[in-house]
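Some notes on the structure that comes next.
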Amino acid sequence: MVNCKDVSEHYITPKSPPYFAFNIWSMESAKAVIDGSAKTGQDVILQISMKAFQRLDKEELRRFVTSYMEKRKVHAYLHLDHCRDLEQIKEAISYGWDSVMIDASDKPLEENIAMTNLVCGIAEETGTLVEAEIGQIFKTGDKGHNAESGIARIEDIKTFVKNSKAHILAAAVGTSHGLYKGLPKIHYDLIEGISEFTDIPLAIHGGTGLTDEMFLKLLSYGNVKKINISTDVKMAYRWGIMESVQKGYTDESGFDPLKVENVIHDSLEEMAVNKLRLLRKDR
Ligand SMILES: [Zn+2]
């Protein structure tokens, strides 16, 4: 068994509880997810795409998340999602992000391992967690690709885990980013197979559209430590806008931005609560 290095200061370890990770793009979306976290008493990961990262005031977001999570008495960890750019990774680390993802999964295995280790070397000084991807997690509807064609090969995972210093592994197990048509075929046997030779924590991407039963089955595997939700956050935002229109809050006469923002906030918070309650024993 290949053991992860002793990283007791890291928030995700082979012994830590599992987390949901929600994509956010602003202080307001971060606040809504933290409010959902506080309502359920479950700590949470706020992850930021490369695009959102470029747009955000990183220092202000870091400051806001730290102060607001303390106020709400929960932990909200900041994570940089799918990043292929070393400069952005360095920036995230310098602004105090708790974890970063290096995604070199489209590269040959050796190159993926080398890139991952390069990032691990950079992250070591600050104790920042590093997530890497193996296999390829595609977008639903990607031309020429489907979830099955990207599934990680167990032999490659063995080689990766043996040679890389990554702390979290996003192995492609059958899920995809975006909205599914029907339900995806998750290779639970692969998740179990990985646990037979390593205790590395796994990140499951493409959590939008999975049923509660699927989440609970995923969470029943001790090595599943991070489940990503992105599209659902955007959909909750969209529902908030649509509900505001339906309620007449966007009508020209008496238009009140505060009412619209409250509806959007509540929609995001509810989405987070519905996922986070699955982590509770008393759900
Ligand atoms: Zn992803």
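When the helices (runs of 4 or more DSSP H) confined to segment 9-76 are screened for residues that are of a type in the set (Asp, Glu) and over 14 Å from the mean Cα position of the chain (by Cα), those reaching at least 2 such residues are found at 27-40, 58-72. Note on segment 168-185: among residues that are within 18 Å of residue 142 (Cα to Cα) and among the β-branched types (Val, Ile, Thr), the one that is farthest from the ligand (Cβ to nearest atom) is 173. Pairing each residue of segment 197-217 that is over 23 Å from residue 132 (Cα atoms) with any residue that is modelled with pLDDT of 95 or more, provided the two are 6+ apart or on different chains, yields no C-beta distance under 6 Å. If the condition is being within 24 Å of residue 230 (Cα to Cα), in contact (Cβ under 8 Å) with a residue 40 or more places away in the chain and over 15 Å from the mean Cα position of the chain (by Cα), then segment 113-133 contributes only 116. Checked across segment 155-164, the condition of being modelled with pLDDT of 95 or more, closer than 30 Å to residue 90 by Cβ and within 16 Å of the ligand (Cβ to nearest atom) holds for no residue.
Specify the residue that is nearest to residue 163 (Cα to Cα); the eligible residues are those in segment 101-112 that are under 21 Å from the mean Cα position of the chain (by Cα) and surrounded by 15 or more Cβ atoms within 10 Å (Cβ to Cβ). Looking at residues that are under 21 Å from the mean Cα position of the chain (by Cα) and surrounded by 15 or more Cβ atoms within 10 Å (Cβ to Cβ), I get 112. Scanning segment 80-96 for residues that are part of a helix (DSSP H, G or I) and either within 16 Å of the ligand (Cβ to nearest atom) or surrounded by 15 or more Cβ atoms within 10 Å (Cβ to Cβ) (or both) yields 88, 89, 91, 92, 93.
Considering only segment 226-236, state which residues are more than 15 Å from the ligand (Cβ to nearest atom) and buried (at least 20 other Cβ atoms within 10 Å of the Cβ). Passing the criteria: only 236. The set of residues in segment 236-259 being part of a helix (DSSP H, G or I) and either among the charged types (D, E, K, R) or in contact (Cβ under 8 Å) with a residue 40 or more places away in the chain (or both) consists of 237, 238, 243, 259.
If you check 212, 189, 251, 199 for being charged (D, E, K, R) and surrounded by 14 or more Cβ atoms within 10 Å (Cβ to Cβ), only one passes: 199.
Conditions tested, residue by residue: (1) surrounded by fewer than 18 Cβ atoms within 10 Å (Cβ to Cβ); (2) modelled with pLDDT of 95 or more; (3) within 24 Å of residue 193 (Cβ to Cβ).
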| site | (1), (2), (3) |
| --- | --- |
| 99 | no, yes, no |
| 115 | no, yes, no |
| 134 | no, yes, yes |
| 147 | no, no, yes |
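If you filter segment 237-260 down to residues that are more than 25 Å from residue 30 (Cβ to Cβ) and acidic (Asp, Glu), you find that the one that is farthest from the ligand (Cβ to nearest atom) is 252.
Take the conditions in a loop (DSSP other than H, G, I, E, B) and away from the ligand (no atom under 16 Å from the Cβ) and apply them to residue 121. Does it pass? Here the answer is no, as residue 121 does not meet what is asked.
The values are calculated or read from the model by the stated rules, or taken from the named source; none is laboratory data. Every value quoted in this text rests on a predicted model; they were computed, and no experiment measured them. Every residue, glycine as well, gets a Cβ built from its backbone with ideal geometry; the counts of neighbours run over all protein chains shown.
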